[in-house]
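Engineer: Sharing a structure, written as structure tokens. Questions coming.
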Amino acid sequence: MTNAEIKSKLKLASKLMELHGDNPFKIRGYQTAADTISALDIEMSTMQIGEIPKIEGIGKGMAANITQLLERGSFESMDQLLQDTPEGVVEMFKISGFGPKKIAVLWKDGGAENLDDLLLLCQQGKVSKLKGFADKTQDTLMQAVQFTLDCRGFERYANVEPFMINILAAFEKQPGITLFSETGDLRRRMEIIGCLEFLVASDDFEATRKVISSVEGFDENEKLSGPLTWSGTFVKCVIPVKIRFCATAQFYNTLVETTANPKHLHAPIDGDKNLKQVVQEKQYESEEAIYNAAGLSLVVPEMREGEFEIDLAKQNKLPELVEMNDLKGILHNHSTYSDGRHTLRQMAEHCRDLGYEYLGISDHSHTAVYANGLKDFQVKAQQEEITQLNEELAPFKIFSGIESDILNDGSLDYPDDILASFDFIVASVHSGLNMDVTKATNRLLTAIHNPYTTILGHMTGRLILEREGYPVDHKAVIDACAERGVVIEINASPYRLDIDWRWVHYALEKGVMLSINPDAHKMEGYKDMYYGLLAGRKGGLTKEMCLNAMNLEEISKYFEGRKK
């Protein structure tokens, strides 16, 4: 069990305790222990049992709980809490904006034991009559419950990618499998996945099916399986697995059909002709041969969405998509100056050691009190340290930035003289998220028109599978960025991926540059650059239109030009 999983279990325990009205000091102990574990640089699973109680913030009792977590995935008091709580009530913790105390009222006073009960309670107008609720709260809750229900059965791509890799490795070892690949949403690298889909070519389906079912970790659901499909689960993966079988000669035809969004397959190519018809005409020896037969350039799997790519493929004008090795620096990162886990030096040296040319540090601004936002004197201290580190680490460079909060009226939360001291500014909304489209759009437009704004951060504030995000007029915001020369962030955190990839192409058409930013709060967070890259590629992002594909000299000139 990883530290992140231990933290999650302790956080869940603290919520369950709060739900049942347990001692607040005891609850705080669990929360403190969870935060302590999150900040560790060593995995607890690698520690000796006797070392755990010695960690500051972890007492003997908590150490015993953690030891049980490592041994069996739970601990005694948590077992009892879960036994005393309906499973559907535990699922209510996923509802954004409603904590354990509110859920306790909905359960104990409202009688809701699951999300479906809760939605019905809202629809009947009964929630507004409960203590601590009102008509507006009821409406907000109903929207949040519906969003949570819509997210059922899905998982973030980043969370299921390791299972995909392990399954593909298992196929590699089976001699009866001639060709194989992931397919469907998984191969298109969608941000959320509901099923791990694979395509396997074999000359003996039954023998291959038996082999797959015998591989450690696979568990077939015979009721859902069919003559040409294997359905079941893979160890620890929370979403189902589906394996399609086909003959070796039919592999590439089936791969194109199963990979693509139906809109891509049925988009007109020449008159009424579409790609699906071409696929069905004969057997092909490669995907490229299929696209060529259709008179198209080969479209990479992640772009096969039916958005804009077919028209470009017909004209042989598909973009050369940005690659990981095109990225020269990492912007929008946090250090211990605000709410990051690692120091400025650690963040810089790790960035350098990964082969990047520069780091853009952008800790939280002073309005973000919850995140240790920087006061004026801290800004000066950090900039002095940056100057010192730049002398020491040259030619690697740290750029001084800030993630400045966009206030309710759209203004940034430092006076102009402070804003002017930074190399670049990421402007982001972090509070007052409950806005209608007019309020949210005007708030962003005001920030975009601020001459100090360099990059617009996580445009909608969404948290994938957790929070829908405030509604914005994407076209109006992108058009304003085009007018003002403001870069739009692709926040690469798998929890955000914001701006949504579906708007990347429009931004590019308008001449707006994008920046793939991990929003890293620790050194390991840099790896999220990969997920931002996938989102950018889905929208057609090229290195020429990616801000942090500029080398050090280019981006230095860019920032200097923006400041002027």
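Since every read-out is calculated from the coordinates, none of them should be taken as a lab result. If you're wondering where the values come from, they're calculated on a predicted model, not measured in any experiment. Here the Cβ positions follow ideal geometry from the backbone for every residue, glycine too, while neighbour counts run over all protein chains shown.
Engineer: Within the stretch 288-342, list the GluC sites (Glu not before Pro) lying in a DSSP loop whose Cβ has at most 12 other Cβ atoms in a 10 Å radius.
Structural biologist: Qualifying residues, ordered by number: 320, 323.
Engineer: Now for a different question. When the Cα centres of the stretch 226-266 and the stretch 267-312 are compared, how far apart do they sit, in Å?
Structural biologist: 18 Å
Engineer: Ranked by Cβ crowding within 10 angstrom, fewest neighbours first, how are 483, 489 ordered?
Structural biologist: 483, 489
Engineer: Residue farthest toward the positive end of the dipole of the stretch 51-105, with Cβ of Lys/Arg at +1 and Asp/Glu at -1: which of 55, 69, 83?
Structural biologist: 55
Engineer: To continue, here is another question. How many angstrom separate the Cα center of the stretch 45-72 from the Cα center of the stretch 336-350?
Structural biologist: First find each Cα centre; the distance between them is then 27 Å.
Engineer: Rounded, prolate or oblate, given the Cα gyration tensor of the stretch 181-260, with a/c below 1.5 counting as rounded?
Structural biologist: Cα axes put the stretch 181-260 in the oblate bin.
Engineer: Note down the relative contact order for the stretch 496-564 as a percent, whole number, built from C-alpha pairs under 8 angstrom at least six residues apart.
Structural biologist: The value is 37 percent.
Engineer: If you don't mind, another one. Under 5 Å between amide H atoms, partner at least 5 residues away or on a different chain: which partners does residue 361 have, H built in plane at 1.01 Å?
Structural biologist: 399, 401
Engineer: Under 8 Å for C-alpha pairs, at least 6 residues apart: give me the relative contact order for the stretch 356-453, rounded to a whole percent.
Structural biologist: 28 percent
Engineer: What's the FRET efficiency of residue 109 with residue 225 using the Cβ-Cβ distance as r and R₀ = 35 Å, to the nearest 0.05?
Structural biologist: The computed FRET efficiency comes out at 0.20.
Engineer: Nearest 20 debye, what's the magnitude of the dipole of the stretch 1-85 about its Cα centre given +1 on Lys and Arg Cβ and -1 on Asp and Glu Cβ?
Structural biologist: Dipole magnitude for the stretch 1-85 comes out near 140 debye.
Engineer: Follow-up. What's the extension gain from residue 236 to residue 311 if we count 0.36 nm per residue and subtract their Cα-Cα distance?
Structural biologist: Contour length minus the Cα-Cα distance gives 22.9 nm.
Engineer: Also, I was wondering about something else. Using a ≥ b ≥ c from the Cα gyration tensor of the stretch 260-318 (square roots of the eigenvalues), is it rounded, prolate or oblate, where a/c under 1.5 gives rounded and otherwise the larger of a/b and b/c decides, a/b for prolate?
Structural biologist: rounded
Engineer: On to the next question. Take each of the peptides 58-66, 509-517, 239-247, 82-90, average the number of other beta-carbon atoms within 10 Å over its residues, and list them starting from the highest.
Structural biologist: 509-517, 239-247, 58-66, 82-90
Engineer: At a 10 angstrom cut-off on C-beta neighbours, averaged per residue, how do the peptides 14-23, 46-55 rank from highest to lowest?
Structural biologist: Averaged packing, sorted descending, gives the order 14-23, 46-55.
Engineer: Want the number for residue 391 to residue 179: 0.36 nm per residue separation, take away the alpha-carbon distance, what's left?
Structural biologist: Gain on extension, residue 391 to residue 179, equals 71.0 nm.
Engineer: What is the stretch 59-188 by shape, rounded, prolate or oblate, if you read a ≥ b ≥ c off the alpha carbon gyration tensor as root eigenvalues and call it rounded for a/c under 1.5, prolate for a/b larger than b/c, and oblate otherwise?
Structural biologist: oblate
Engineer: Assign unit charges at the C-beta atoms only (+1 for Lys and Arg, -1 for Asp and Glu), then state the dipole size of the stretch 324-563 relative to its Cα centre in Debye, rounded to the nearest 20.
Structural biologist: Roughly 520 debye for the stretch 324-563.
Engineer: Please work out the Cα center distance from the stretch 131-162 to the stretch 489-564, rounded to the nearest Å.
Structural biologist: 28 Å
Engineer: Using only DSSP helix segments of four residues or longer, with each worth -39500 (n - 2.57), what per-residue ellipticity at 222 nm results for the chain after dividing by its residue count and rounding to 500?
Structural biologist: -12500 deg cm²/dmol
Engineer: Same structure again: Once the Cβ-Cβ distance between residue 409 and residue 564 is put in as r, and R0 is 22 Å, what FRET efficiency do you end up with, to the nearest 0.05?
Structural biologist: So, using R0 = 22 Å, E works out to roughly 0.25.
Engineer: Hey, another quick one. Determine, for 38, 365, the number of other Cβ atoms within 10 Å of each Cβ, and report the residues in order from fewest to most.
Structural biologist: Listed from fewest to most nearby Cβ atoms, that is 38, 365.
Engineer: Where the only charges are on Cβ atoms (+1 Lys, Arg; -1 Asp, Glu), what is the dipole of the chain about its Cα centre, to the nearest 20 debye?
Structural biologist: It comes to approximately 880 debye.
Engineer: Here's something else I'd like to know. Go through 101/527; 242/522; 210/282; 108/136; 26/380 and tell me which ones have a Cα-Cα distance over 32 Å in this structure.
Structural biologist: Check vs 32 Å cut-off fails for 101/527; 242/522; 26/380.
Engineer: Okay, next question. Taking the convex hull of the Cα atoms, report for the chain its projected area averaged over all directions, in nm².
Structural biologist: It is 29.4 nm².
Engineer: For a footprinting-style exposure proxy, rank 351, 195 by other Cβ within 10 Å, fewest first.
Structural biologist: The most exposed by this proxy come first: 195, 351.
Engineer: For the modelled label position 7 Å from the Cα of residue 142 along Cα-to-Cβ, which residues of the stretch 403-443 have backbone nitrogen atoms closer than 19 Å?
Structural biologist: 434-437
Engineer: Pulled fully out, how much extra length does the chain show between residue 542 and residue 126, if you take 0.36 nm times their separation in residues and subtract their Cα-Cα distance?
Structural biologist: The span from residue 542 to residue 126 would gain 144.6 nm if fully extended.
Engineer: How much FRET efficiency would the formula 1/(1 + (r/R0)^6) give for residue 214 and residue 248, where r is the Cβ-Cβ distance and R0 is 35 Å, rounded to 0.05?
Structural biologist: That gives a FRET efficiency of 0.95.
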